Every structure is written in structure tokens, then in C-alpha cells.
Amino acid sequence: MRYKHLIIALLLGSCASKTVTFTTSEKASLSLVTPSNTDGQGERIGDTPQTIPLQRLEGKVLKVSGPGILPQFWVLSKLPDGDTKIQLKLDRKIEEGPKKNPNLSYRLLMKAYKALADKNYKLASELAIQLARIERDIAAPHVIHALSLLQQGQNREAKVALEAARSFDPEDAEITKLLQAVK
């Protein structure tokens, strides 16, 4: 079964950090992957806690995964001076259980589109991320998240979200056009 990936962008102050330390409440595996292939294995860094030189993260996406953990992807940019420590909150994969209420997904989707139309980009992103946790194999939440990020000038993070959307719906020409337009 394919799991939808949560893509989170971390934006902090200015540049020039020496290292970034990632910690978690339980062991998780860290890998560096390319923004265009977040499903790939990439370069395995090791388990948390892990301290990584900033230059090693440039142009890469940090993949956080593990048994029973929903994979996360981190794009780091504009870090503060000095060393940075990030405590990651791990999301557990939802076990197959009783049939979920499909109306919840539709409600979230409609609310996310409405928030986007109302130019409430933060709410649109939050709802899209919530929907991505429920509907793990559709592109729509990633598209909404990307459009919200674009409106906030976060093009690099929006491109990562659009890549995820394309991985779930490679035949959607609109996603491809958006990817080509993002610089």
C-alpha cells in the first residue's frame, strides 16, 4: 500500500548555520533525497538523534521514516546563525481498521479549497496536511498545499509539494504545468 507523504517546510531566519541536530521521542531513520525523487532511497544518514552539517543539507530533502512511522520530508532554508536543534514529532501510520467516513475527506477538501479562495493560505495548508494524513494516495491535498505556499512566496517548498502531487497523479497535466512554472 502506498502512503501519502507529509511535506513540511521549515523556514527560519537568515543563513550560515553550522549544523542542524534532529531529535525524536523514538528512533527514526534519516535519509537525504532529492526534491524530484522523494520516494527514492537516497543517502541514508543514520538514526535519530543526528547532527548534520548544513552544507550537506543544501539542495536536498531530509526524509524521516521508520517502522510504523508516516514518512516526513523536511526542506531547510534560511537557517539562523549557529547550530540549530529540531525536535521532530513523528506521526504514526494509521492501521487498517473499520471503514472511515468518506464525508470527512470531502469536507476537509471543500474547506481547504474555500480557505484557498478566501486567501487564508495558512488554514488552507493546515487543512490540506490534515487531508493528506487521511487520504494517503491522492494528489489534491498536495496541490492545495503547494498553491498556498506559492501565494506565500515559498516556491522551493511548493515545488516539493507539487512533486508529491505528481507522484500520485502523473497524468494530471495541470500539475506538470504548475511544476514548470515554479522557479
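The values are calculated or read from the model by the stated rules, or taken from the named source; none is laboratory data. Since the structure is predicted, the reported quantities are computational estimates derived from the model, not experimental observations. Every residue, glycine as well, gets a Cβ built from its backbone with ideal geometry; the counts of neighbours run over all protein chains shown.
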For Pro53, all conditions in the list (1) over 20 Å from Ala158 (Cα atoms); (2) modelled with pLDDT of 90 or more hold save one; what is the number of the exception?
(2)
Within the stretch 39-156, which strands (runs of 3 or more DSSP E) (wholly inside it) include 3 or more residues that are free of Cβ contacts under 8 Å to residues at least 60 places away in the same chain?
43-47, 50-53, 61-66
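Test Ile144 against the stated conditions and say whether it is touching a helix residue (DSSP H, G or I) at 6+ places or on another chain (Cβ under 8 Å), within 25 Å of Asp91 (Cα to Cα) and among the β-branched types (Val, Ile, Thr).
In short, yes.
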Looking only at residues that are touching a strand residue (DSSP E or B) at 6+ places or on another chain (Cβ under 8 Å) and among the hydroxyl-bearing types (Ser, Thr, Tyr) in the stretch 77-132, which one is modelled with the highest pLDDT?
Thr84
Take the conditions over 16 Å from the mean Cα position of the chain (by Cα), of a type outside the set (A, V, I, L, M) and over 19 Å from Lys63 (Cβ atoms) and apply them to Lys122. Does it pass?
no
